[in-house]
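Structure first, commentary second.
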Amino acid sequence: MIIGVAKEIKNNENRVALTPAGTATLVKAGQRVLFEHSAGIGSGFSDESYIKAGAEIVTDKKELFDKAEMIMKVKEPLAPEYDLFHGGQILFTYLHLAPEPALTKALLAKKVIGIAYETIERNHSLPLLIPMSEVAGRMAVQVGAHWLEKTFSGKGILLGGVPGVESAQVVIIGGGVVGTHAAKMAIGMGARVAIIDKSSERLAYLDDIFGGRVTTIMSNSYNIADWVKQADLLIGAVLLPGAKAPKLVSEEMVKTMEPGSVIVDVAIDQGGSIETIDRATTHSDPTYVKYGVVHYSVANMPGAVARTSTLALTNATIEYALQIASKGWKEALRADSGLAKGLNVFEGKVTFPGVAEAHNLPYTPVAEILG
Ligand SMILES: NC(=O)C1=CN([C@@H]2O[C@H](COP(=O)(O)OP(=O)(O)OC[C@H]3O[C@@H](n4cnc5c(N)ncnc54)[C@H](O)[C@@H]3O)[C@@H](O)[C@H]2O)C=CC1
Ligand SMILES: CC(=O)C(=O)O
């Protein structure tokens, strides 16, 4: 199969879909890898390192898209990329289609075979979302600590306090991968940490692994309102896989937060879980202040730590890319029902229920397509 690796164009998106090691794995398996010129630079990988791994460098983006049977990316395509796709082309990337009507429409019109990293399942987990959620969870605390500084419109408090001075209260809504990694960092920095989740099993697990170092809270609007009010740093980390994120924190709740508090809504890539966050921000302009509270809603947080993220992402994606390329997408999906959950759009049809529901479009089960 001819695999095209495209350079990312999203604001400050420095990740790339394959490392040289991942490229070498595909080439060794008999696949042809076309690599867009300088696509790896932001992650510290030169064109030469990809040539050494067996890739061919292509300088013209259009030529890359025209030739490739499968395009591998990191982020969802943006408007300038929509026209580059052709019918029957496989797109293997994060798609996050539920909050993106224009992108969904474009991929349907182009009859692209869209396999989304974030909805592939294995053993009831999301193996291609996990590595970036680990990164974003850890970053959420780092970023939150930064914006809590007075210079950046924050309260002017240190997460860990100092002896004789109270530490900050971090409140995390959603105790999955993002939430757990955020909690690890926040505990490490000496903050007081509360995690709110709707799953009692998950809360029990978090209580077990963190012992007395976190407070676990059952998710309901009463408890959320109570804890949002106390939060110096509020982290949104919920997920309903493939669907739009539920708005759990209302505008009224945000108004009860003290001025200079900070919200980091990691769940923004699925539309966001905080009512006062109505748009994704960018790494070059990451925050705005509303009701005195600093709001941060960057949808590609791991792009800022591209070297770590590209390595972690390729570690996870490579075995799936290999399966799709060597067996062909249909056979690969037939052989792995978890990979089949990644199919979101196929030849003008929506094949993921959460996406169909979000856009009020008909839903075609993947099984119907695989036959
Ligand atoms: N902004 C960014 O750069 C990035 C964003 N993300 C996003 O972060 C979000 C979280 O991802 P993961 O932690 O991997 O998901 P996950 O599936 O591991 O965890 C989600 C948690 O949310 C909980 N949850 C669902 N509904 C809830 C409710 N009503 N109340 C409280 N808890 C609820 C679930 O029980 C689960 O524990 C996703 O939208 C993901 O795409 C991930 C990586 C980067
Ligand atoms: C998960 C995702 O969208 C990201 O890492 O950017």
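The values are calculated or read from the model by the stated rules, or taken from the named source; none is laboratory data. This is a predicted model, so every value here is computed, not measured. Using ideal geometry, Cβ is built from the backbone for each residue, glycine included, and neighbour counts are taken over all protein chains shown. Just the protein is used for accessible areas: all its heavy atoms, side chains included, with ligands, DNA and RNA removed. Shrake-Rupley method; radii C 1.70, N 1.55, O 1.52, S 1.80 Å.
Among (1) open to solvent by less than 30 Å² (accessible area, probe 1.4 Å); (2) closer than 21 Å to Y320 by Cα; (3) of a type in the set (D, E), there is one condition E69 misses while meeting the rest; what is its number?
Of (1) open to solvent by less than 30 Å² (accessible area, probe 1.4 Å); (2) closer than 21 Å to Y320 by Cα; (3) of a type in the set (D, E), only one is false for E69: (1).
Just to be sure, is G164 at pLDDT 95 or above and under 22 Å from L248 (Cα atoms)? Step through it out loud before you land on a result.
Values: at pLDDT 95 or above: yes; under 22 Å from L248 (Cα atoms): no.
Answer is no for this residue.
Could you please find all residues in the range 201-217 being open to solvent by less than 70 Å² (accessible area, probe 1.4 Å), over 23 Å from the mean Cα position of the chain (by Cα) and within 13 Å of ligand 1 (Cβ to nearest atom)?
A204, T216, I217
Any residue at all in the range 218-231 that's acidic (D, E), surrounded by fewer than 21 Cβ atoms within 10 Å (Cβ to Cβ), within 13 Å of ligand 1 (Cβ to nearest atom) and assigned to a helix (DSSP H, G or I)?
At the first step, the residues of the range 218-231 found to be acidic (D, E) are 226.
Now restrict to residues that are surrounded by fewer than 21 Cβ atoms within 10 Å (Cβ to Cβ): 226.
Of the ones still in play, those that are also within 13 Å of ligand 1 (Cβ to nearest atom) are none.
No, the range 218-231 contains no residue that is acidic (D, E), surrounded by fewer than 21 Cβ atoms within 10 Å (Cβ to Cβ), within 13 Å of ligand 1 (Cβ to nearest atom) and assigned to a helix (DSSP H, G or I).
Name the strands (runs of 3 or more DSSP E) wholly within the range 102-212 that hold at least 2 residues that are more than 16 Å from ligand 2 (Cβ to nearest atom)?
On the way: elements: 113-116, 169-173, 192-197.
Filter on the range 102-212 gives 169-173, 192-197.
Residues that are touching a helix residue (DSSP H, G or I) at 6+ places or on another chain (Cβ under 8 Å) and free of Cβ contacts under 8 Å to residues at least 40 places away in the same chain: which helices (runs of 4 or more DSSP H) entirely in the range 318-360 hold 1 or more of them? Before the answer, list the steps.
Numbers: elements: 329-335, 337-340, 353-359.
Answer list for the range 318-360: 329-335, 337-340.
Just wondering, is there one or more residues in the range 29-48 that are within 16 Å of ligand 2 (Cβ to nearest atom), part of a helix (DSSP H, G or I) and in the same structural domain as A312 (by TED's automatic domain parsing)?
yes
Just wondering, is there one or more residues in the range 320-342 that are within 16 Å of the chain's Cα centre (by Cα) and either among the small types (G, A, S) or surrounded by 24 or more Cβ atoms within 10 Å (Cβ to Cβ) (or both)? Spell out how you get there, then give the answer.
To start, the set of residues in the range 320-342 that are within 16 Å of the chain's Cα centre (by Cα) comprises 342.
Checking which are either among the small types (G, A, S) or surrounded by 24 or more Cβ atoms within 10 Å (Cβ to Cβ) (or both) leaves us with 342.
Scanning the range 320-342, I find at least one residue that is within 16 Å of the chain's Cα centre (by Cα) and either among the small types (G, A, S) or surrounded by 24 or more Cβ atoms within 10 Å (Cβ to Cβ) (or both), so the answer is yes.
Regarding the range 82-98, can at least one residue be identified that is open to solvent by 20 Å² or more (accessible area, probe 1.4 Å), away from ligand 2 (no atom under 16 Å from the Cβ) and farther than 30 Å from V350 by Cα?
no
Can you pull out every residue in the range 25-45 that is open to solvent by 40 Å² or more (accessible area, probe 1.4 Å), free of Cβ contacts under 8 Å to residues at least 60 places away in the same chain and over 15 Å from E13 (Cα atoms)?
Answer for the range 25-45, where residues must be open to solvent by 40 Å² or more (accessible area, probe 1.4 Å), free of Cβ contacts under 8 Å to residues at least 60 places away in the same chain and over 15 Å from E13 (Cα atoms): V27, K28, R32, H37.
So which of A237, A267 ends up being touching a helix residue (DSSP H, G or I) at 6+ places or on another chain (Cβ under 9 Å), open to solvent by 10 Å² or more (accessible area, probe 1.4 Å) and within 13 Å of ligand 2 (Cβ to nearest atom)? Explain how you work it out, then say what you get.
Values: A267 fails: open to solvent by 10 Å² or more (accessible area, probe 1.4 Å).
Only one candidate passes the filter, namely A237.
Is there a residue in the range 249-269 that is near ligand 1 (Cβ under 10 Å from one of its atoms) and part of a loop (DSSP other than H, G, I, E, B)?
Checking the range 249-269: not a single residue is near ligand 1 (Cβ under 10 Å from one of its atoms) and part of a loop (DSSP other than H, G, I, E, B).
Are there any pairs, at least 6 apart or on different chains, whose C-beta atoms fall under 7 Å, with the first in the range 65-90 and not assigned by TED's automatic domain parsing to the domain that holds L108 and modelled with pLDDT under 95 and the second assigned to a strand (DSSP E or B) and more than 16 Å from ligand 1 (Cβ to nearest atom), and if so, which?
Final answer for the pair search is none.
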